[in-house]
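The values are calculated or read from the model by the stated rules, or taken from the named source; none is laboratory data. What you are looking at is a predicted structure, and each value in this text was computed from that prediction instead of being measured. Methodologically, a virtual Cβ is constructed for each residue, glycine included, from the backbone with ideal geometry; neighbour enumeration extends over all protein chains shown. SASA here: full protein model, heavy atoms, side chains in, ligands and nucleic acids out. Shrake-Rupley method; radii C 1.70, N 1.55, O 1.52, S 1.80 Å.
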Amino acid sequence: MATTDRHAVPLATLALAHALSAAERGLAVIPLSRTKLPALRSPHRDEPDPAPCHGECGRPGHGVYDATTDPRRIRDLFAAAPRATGYGIACGLPPHHLIGVDLDTKSGTDSSSALRELALRHLFTIPDTVVVATPSGGRHVWLSGPPDVVVPNSAGRLAPGIDIRGAGGYLVGPGSRTAQGVYSAVPGTAHLPVAPCPPALLRLLTPPPRVHHPSPAHAGQHGQGLVQFVLAAHEGQRNTRLFWAACRAYESDLGDSLTNALVEAATRTGLTEREARSTVASAARLTQRNDAEA
Ligand SMILES: [Zn+2]
């Protein structure tokens, strides 16, 4: 009987099978635990003052940085995480540059009508694409982004109940089992291609264009916005938010004047000063390299 068979298969094996099929579609995955958090613990957890590491040490356990489409590496990740019951799909990575529109229903908000309203107001339509139903009655709408645009994670910025999963974020993949229940593709959407994000929606998801020579008043406002963005980070987004804000600061020629404020904001969210300074320094290097190439 089907039910008996299903229970005969360990949950980690089921999760691995789903993860492998997502990877076949070009989606990079990591094992997740029942709590929807990465199933592998950090290899640096016992180090007293760990240097920031996004997997450069070669060991697994760096959250979304472990994400891969390589079946052999996926099998290794799941072998190291026998208690995994689901998988996460990393957003923002090639080839799809996945953007997840997370429509929540928990807070009593009707996020689906909020999205329809936004679409009417900004003249876009949500294309036919993969939609995943969450155990709490929410929906994840999958969209693909252009390769040259970084969509940041945001919570409730577009409208109450609408969260955006972008660069550095991940979506719980269909077939995952969590403490709340099972995530599953909405019937008829599972095999659709991931549709491109409508340009009008993409503009709402990306911050205003960079300003090269800001007036002092504007610079102050822009800088304050970036500091607020870092302060509002949840655990798990702290480093990616800081990195994102620092890149924007350097692009706007505010980098050096804003470094201390960004580092201080990041330490208030729980990063160590050393981690924060190292992240800001990476942003400076990356931004300057891009400028040199341009
Ligand atoms: Zn490491």
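Report Rg(Cα)/(2.2 N^0.38 Å) for the range 216-293, keeping two decimals.
1.00
Taking the alpha-carbon centroid of each part, what is the distance from the range 225-294 to the range 125-170 in angstrom?
23
By how many nm would the segment from residue 136 to residue 75 lengthen if fully extended, with 0.36 nm per residue of separation less the alpha-carbon distance?
19.0 nm
Per 0.36 nm of contour for each residue apart, how much would the distance between residue 157 and residue 119 grow if the chain were fully extended, relative to their Cα-Cα spacing?
12.2 nm
For a quick check, take a GNM of the chain with Cα springs below 10 Å and name the residue from 274, 72, 139 with the largest mean-square fluctuation.
Per the Cα network of the chain with a 10 Å cutoff, 72 tops the list.
Can you give me the % of accessible surface on the range 216-293 that is carbon or sulfur? Probe 1.4 Å, all protein chains present, nothing else counted.
50
Taking only the Cα atoms of the range 16-150, how large is their convex hull per residue, in Å³?
Enclosed volume per residue, from the Cα hull, is 153 Å³.
Could you tell me which of rounded, prolate or oblate describes the chain, using a ≥ b ≥ c as the square roots of the eigenvalues of the alpha-carbon gyration tensor, with rounded for a/c under 1.5 and, failing that, prolate when a/b is larger than b/c and oblate otherwise?
oblate
Any idea what diffusion coefficient the range 74-199 gets from Stokes-Einstein, in µm²/s, Kirkwood Rh on alpha carbon pairs, 4 °C, 1.567 mPa s?
Answer from the Stokes-Einstein relation: 85 µm²/s.
Comparing 144, 282, 111, which has the greatest mean-square fluctuation in the GNM of the chain with Cα pairs linked when under 10 Å apart?
Answer for the Gaussian network model of the chain: 282.
Compute the label zone of residue 192 within the range 126-142: residues whose backbone N is under 18 Å from the point 7 Å along Cα-to-Cβ.
126-134, 138-142
Against the longest alpha carbon principal axis of the chain, how many degrees, from 0 to 90 and to the nearest 10, is the axis of helix 216-231 turned?
Roughly 30 degrees, rounded to the nearest 10.
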